[in-house]
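Report on the structure given below.
Bear in mind these aren't lab numbers, they're just calculated from the coordinates by the rules spelled out. This one's a predicted model, so the numbers in the text were calculated from it and none came from an experiment. In this analysis, Cβ positions are derived from the backbone assuming ideal geometry, glycine residues included, and neighbour counts consider all displayed protein chains.
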């Protein structure tokens, strides 16, 4: 007796997408960015000038949350690159769910620097009041992915997904976390709900990054 055809539908649910992109102009803007960051750092009266969650941060300096609003040409060049990449990512991910013909624009609403010194880290956290976030590596210092020195670690949002591991769960990537190497000029883009941390950094040279939060809204015709 011939067996009836069986159709299996592949349904992807609760997917978390992250992206990396390399800034081709990083070599041109790295030094001006560093000069501005260290100038602002020298003017700060607090290590965590933003005053946001200071107890979650150790041996690092954080600016106020308006860094990419500075008029410095290198900052404005970086902001244009950041918002262009965020718009591209948000559009690619969401276009199938938008009204036909709709277009959107990503706008950075908060941005800041971290200058991390020897022994510095940022404890696990997520970013509220935004949809897409990013980390831009200005100077990787002595970060090392093999030693997990100064890496950014992202945590699986599917709580309990790795509580039992066998051959049937291999596709889940049951490590529970994902580490990114600090690559100068690279930007890591991630959804705001994704918990992450900057793991302890050890080195004589500073680790310098720019982080940002964005909101994405439809463009009015």
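The table for this structure:
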read-out	value
Burial ordering of 199, 18, fewest other beta-carbon atoms within 10 Å first	18, 199
Sequence-separation-based contact order of the chain, relative, with Cα cut under 8 Å and 6+ spacing, percent	29
Least to most buried among 214, 91 (fewest other Cβ within 10 Å first)	91, 214
GNM flexibility winner over the chain from 115, 93, 188 (Cα, springs under 10 Å)	93
Within the chain, helix-based [θ] at 222 nm, where runs of 4 or more DSSP H residues each add -39,500 (n - 2.57), nearest 500	-6000 deg cm²/dmol
The chain: most fluctuating residue of 203, 168, 185 per GNM, C-alpha cutoff 10 Å	168
Distance from segment 1-66 to segment 183-214 (C-alpha centre basis), Å	5
Between helix 26-43 and the chain: long-axis angle, C-alpha atoms, 0 to 90°, nearest 10	60
Peptide ranges 98-104, 173-179 listed from the most packed, as the mean C-beta count within 10 angstrom indicates	173-179, 98-104
Sequence-separation-based contact order of segment 4-132, relative, with Cα cut under 8 Å and 6+ spacing, percent	29
Whole-number percent relative contact order across segment 142-221, with pairs defined as alpha carbons under 8 Å at least 6 apart	44
Sorted by Cβ neighbour density within 10 Å, fewest at the top, the residues 80, 15	15, 80
Degrees, to the nearest 10: 73-94 long Cα axis against longest axis of the chain	10
